[in-house]
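*Asks:* Have a look at the structure that comes next, please.
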Amino acid sequence: MTFNGKNILEKYYEVAFSVYHYSAMKEFQEVFPEEYSLFYSTYFHKIKKGLKNSILSELEMLDEMCMDIELDVLIDNIPELLEEFGLRYTKQFGQKIYSLCGREPITASQKKVSSKKPTRDYIDREEQAHQVVKEDAENWLLGPQEEDLSEMQIKEFISKSSLTPTLKTKMIQVLNSGSPHHIFMFFQTKESIELLFAALSESDYEITDQESMLSIIILSHIGQNNRDLMKKLIGFCAESFNIIMYQEEPVLRLNQFLSSEVYNYYLKNDDSFQEIVFNHLIIRDEQWVRFLHIPLFIFCYASIWCIDGDELEEHYHNLWGNNFDKIKRITTYDFKPEASIYYAEYGTYYFKCYEWERCMYKMFEELNPFHFNKSYVEPMIKNYLAKLGNGDDESRVLNHLSYCRIEFEYDKSGAQRYSSCHLSDELSLIEHLEIAYVLDAEPRLMTKNKLKELQKNETICEKDDDIWRILFYKIEDIKLLKELGIYDELLSFVKKVEFVHKTFTNGNYARINISNTPFPSIT
């Protein structure tokens with residue numbers, strides 16, 4: 001039996017996407033090695049380039065035909081199919097599968113937290129996945145993407161910008177320190193840094209901790225200082241964010257966006273406004289649209305709710321809901337700590353992007369501090385303090401430690417590999433509003449002898465090969481916590497939260513600013 005090149009290509013596509021006989025792809029190669037070799041050399045790169053598009057089209061077709069079993073089989077075979085063509089299964093591509101099908105392949109999902117106790121294998125896979133996502137960014141074959149910048153490229157942007165020398169110096173300081181956070185977030189991509197510098201070059205902006213002020217300056221730039229156009233931009237951004245805010249990525253199918261009320265109301269019959277939006281706030285391709293500069297969208301969303309505040313108190317609870325605990329992990333890469341947030345596989349979550357959740361908290365607290373702090377923040381802090389009980393400092397520290405489930409992992413030399421904790425809704429709010437940070441409580445440098453000593457108590461110290469994991473949340477000995485150098489930091493967290501609560505009970509619901517508050521030394 002013989003095939004010409006076209007036959008082979010058609011046959012390969014038929015076999016490769018057969019949801020009944022996925023293994024037939026290998027069998028085809030074994031039975032027709034010469035034909036397969038000819039196909040491989042002739043068509044491999046062409047198929048590889050369009051493979052992800054073909055997969056998504058197949059998924060969409062199976063979904064429309066209600067072929068659920070076939071759909072599930074194909075979803076779970078996607079990573080293996082990509083591997084056949086030397087492609088990696090990326091987070092971005094997984095999001096597109098999730099948008100289409102409501103789930104990702106099981107093999108990819110297993111990389112997420114599936115229980116309250118993460119394993120070492122899980123951590124290793126996450127570290128590998130972290131590298132894969134970075135390495136594979138330029139190979140993302142589907143959908144529009146922003147252009148990531150290196151630190152050197154950002155410095156070059158700052159140097160060549162039309163900013164004043166003073167502002168250039170301050171921007172370098174922001175880049176080096178990561179603070180203020182809301183400005184640093186604009187340094188992530190070429191698109192955002194270009195917009196930021198274009199807006200700042202037209203204003204007399206002074207760097208402050210007010211995120212809303214920066215948003216207004218940028219919206220003024222986009223809206224050409226036209227009040228009516230700015231109002232329209234705010235409405236568009238607010239209603240658009242309402243569609244995407246509970247997603248992991250700000251991406252929509254193009255046909256979904258074009259059929260939305262937002263598009264029909266704001267863009268469909270207004271070519272000039274459509275041009276402004278697609279020049280500054282959205283990038284698109286044949287199948288997807290990606291929303292840019294999400295803090296602007298969050299500012300617009302919060303602004304409208306704060307203006308029309310009749311149902312605002314109820315909206316706070318509807319907006320954030322009741323969520324399962326998240327896991328926060330701090331790992332050191334190239335001697336720099338990197339924080340990651342993990343969501344349980346089958347947990348209930350509203351915001352699935354931790355940065356968006358942070359920005360939303362900060363924006364409401366900035367725009368309407370009295371109402372937000374009185375109606376929402378104070379009750380949340382009360383909930384946290386109630387879990388600590390009414391005992392003395394030591395009992396409250398132990399209850400806090402148990403509630404946060406703090407643990408650290410060390411290698412055989414005693415060097416810290418990672419630290420992790422559980423974040424409830426209350427703890428997430430406390431961190432987002434910069435009241436205190438759970439993992440600021442860091443033990444002293446561990447020695448190998450100390451790790452061996454702790455290992456004698458298997459309840460608090462687990463050893464796997466040359467890796468020690470200390471479960472601080474199981475320690476009930478205050479003397480040991482003090483000896484390990486973690487007690488004072490734990491007590492400091494509790495005291496900071498109690499300070500904010502006391503401020504509220506005294507009737508002061510102004511914006512929270514713990515950083516400038518002097519605290520007595522803890523002994």
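*Asks:* Hey, can you tell me all the residues within the range 468-485 that are over 13 Å from Q455 (Cα atoms) and either aromatic (F, W, Y) or not in a helix (DSSP H, G or I) (or both)?
*Replies:* Within the range 468-485, Y473, E476, D477, L484, G485 qualify.
*Asks:* Could you list, in sequence order, the residues of the range 149-161 that are modelled with pLDDT of 90 or more and either over 30 Å from E357 (Cα atoms) or open to solvent by 70 Å² or more (accessible area, probe 1.4 Å) (or both)?
*Replies:* M152, Q153, K155, E156, S159, K160, S161
*Asks:* Now a separate question. Go through the range 427-477 and give me each residue that's among the acidic types (D, E), open to solvent by less than 80 Å² (accessible area, probe 1.4 Å) and under 30 Å from F364 (Cβ atoms).
*Replies:* If the condition is that a residue be among the acidic types (D, E), open to solvent by less than 80 Å² (accessible area, probe 1.4 Å) and under 30 Å from F364 (Cβ atoms), then E431 is the only one that fits.
*Asks:* For the range 280-332, which residues satisfy the criterion of being farther than 15 Å from N242 by Cβ and either without any contact (Cβ under 8 Å) to a residue 24 or more places away in the chain or of a type in the set (S, T, N, Q) (or both)?
*Replies:* Hits for the range 280-332 are I282, Q287, I307, D310, E314, N322, N323, T331, T332.
*Asks:* Considering only the range 171-190, state which residues are part of a helix (DSSP H, G or I), in contact with a Leu (Cβ under 8 Å, 6 or more places away or on another chain) and within 18 Å of M152 (Cβ to Cβ).
*Replies:* Across the range 171-190, the qualifying residues are M171, F184, F186, F187, K190.
*Asks:* Also, quick follow-up: Could you list, in sequence order, the residues of the range 80-101 that are under 29 Å from C353 (Cα atoms) and open to solvent by less than 30 Å² (accessible area, probe 1.4 Å)? Break it down into steps so the answer makes sense when it comes.
*Replies:* Step one: list which residues in the range 80-101 are under 29 Å from C353 (Cα atoms), which gives 80-83, 87-101.
Result: L81, L82, L87, T90, F93, G94, Q95, K96, I97.
*Asks:* Still on this structure, I have one more. Could you tell me which residue of the range 247-290 is modelled with the highest pLDDT, considering only residues that are in contact with a strand residue (DSSP E or B) (Cβ under 6 Å, 6 or more places away or on another chain) and aromatic (F, W, Y)?
*Replies:* Across the range 247-290, the extreme among qualifying residues is F257.
*Asks:* What is the residue count in the range 90-105 for residues that are without any contact (Cβ under 8 Å) to a residue 40 or more places away in the chain and either assigned to a helix (DSSP H, G or I) or not basic (K, R) (or both)?
*Replies:* Looking only at that region, the number is 4.
*Asks:* Any idea how many residues of the range 183-226 are within 23 Å of Q145 (Cβ to Cβ) and either among the polar types (S, T, N, Q) or open to solvent by 20 Å² or more (accessible area, probe 1.4 Å) (or both)? Walk me through how you get there before you give the answer.
*Replies:* Filtering the range 183-226 for residues within 23 Å of Q145 (Cβ to Cβ) gives 183-199, 218, 222.
Okay, now just the ones that are also either among the polar types (S, T, N, Q) or open to solvent by 20 Å² or more (accessible area, probe 1.4 Å) (or both), so 184-185, 188-192, 194, 198.
Total satisfying the criteria: 9.
*Asks:* State which residue is farthest from F186 (Cα to Cα) when the search covers only the range 357-402 and only residues that are open to solvent by less than 20 Å² (accessible area, probe 1.4 Å) and of a type in the set (F, W, Y).
*Replies:* Within the range 357-402, the match that is farthest from F186 (Cα to Cα) is Y384.
*Asks:* For E442, state whether it is in a loop (DSSP other than H, G, I, E, B) and over 19 Å from Y487 (Cα atoms).
*Replies:* For E442, the condition - in a loop (DSSP other than H, G, I, E, B) and over 19 Å from Y487 (Cα atoms) - is not met.
*Asks:* Right, another one. Taking the condition over 18 Å from E275 (Cα atoms) and assigned to a helix (DSSP H, G or I), does S215 pass?
*Replies:* Values: over 18 Å from E275 (Cα atoms): yes; assigned to a helix (DSSP H, G or I): yes.
Considered against the rule, which asks whether it is over 18 Å from E275 (Cα atoms) and assigned to a helix (DSSP H, G or I), S215 comes out as yes.
*Asks:* For the range 249-257, indicate whether the set of residues that are of a type in the set (D, E) and under 23 Å from the mean Cα position of the chain (by Cα) is non-empty.
*Replies:* For the range 249-257, residues of a type in the set (D, E) and under 23 Å from the mean Cα position of the chain (by Cα): present.
*Asks:* Show me the helices (runs of 4 or more DSSP H) entirely contained within the range 316-413 in which 3 or more residues are closer than 30 Å to L451 by Cα and modelled with pLDDT of 95 or more.
*Replies:* Ranges flagged: 393-404.
*Asks:* Confirm whether C353 is open to solvent by 20 Å² or more (accessible area, probe 1.4 Å) and closer than 20 Å to M245 by Cβ.
*Replies:* Working: open to solvent by 20 Å² or more (accessible area, probe 1.4 Å): yes; closer than 20 Å to M245 by Cβ: yes.
Considered against the rule, which asks whether it is open to solvent by 20 Å² or more (accessible area, probe 1.4 Å) and closer than 20 Å to M245 by Cβ, C353 comes out as yes.
*Asks:* Find the residue count for the range 268-295, including only residues that are under 17 Å from P144 (Cβ atoms), open to solvent by less than 40 Å² (accessible area, probe 1.4 Å) and outside any strand (DSSP E or B).
*Replies:* Matching residues across the range 268-295 total 6.
*Asks:* Also, quick follow-up: Within the range 364-382, does at least one residue satisfy the condition of being under 18 Å from N322 (Cβ atoms) and free of Cβ contacts under 8 Å to residues at least 60 places away in the same chain?
*Replies:* yes
*Asks:* I would also like to ask the following. From the list S215, S240, which one is among the polar types (S, T, N, Q), touching a Cys at 6+ places or on another chain (Cβ under 9 Å), closer than 18 Å to K362 by Cβ and touching a residue at least 24 places away in the same chain (Cβ under 8 Å)?
*Replies:* The match here is S215.
*Asks:* Would you check if there is a residue in the range 244-254 being open to solvent by 50 Å² or more (accessible area, probe 1.4 Å), aliphatic (A, V, I, L, M), in a helix (DSSP H, G or I) and within 30 Å of K52 (Cα to Cα)?
*Replies:* There is no residue in the range 244-254 that is open to solvent by 50 Å² or more (accessible area, probe 1.4 Å), aliphatic (A, V, I, L, M), in a helix (DSSP H, G or I) and within 30 Å of K52 (Cα to Cα).
The values are calculated or read from the model by the stated rules, or taken from the named source; none is laboratory data. Note that the structure is a prediction, hence the values are computed from the model and not measured. Every residue, glycine among them, receives a Cβ derived from its backbone with ideal geometry; neighbour counts consider all protein chains shown. Please note that ligands, DNA and RNA were not included when accessible areas were found on the heavy atoms of the full protein model with its side chains. Shrake-Rupley method; radii C 1.70, N 1.55, O 1.52, S 1.80 Å.
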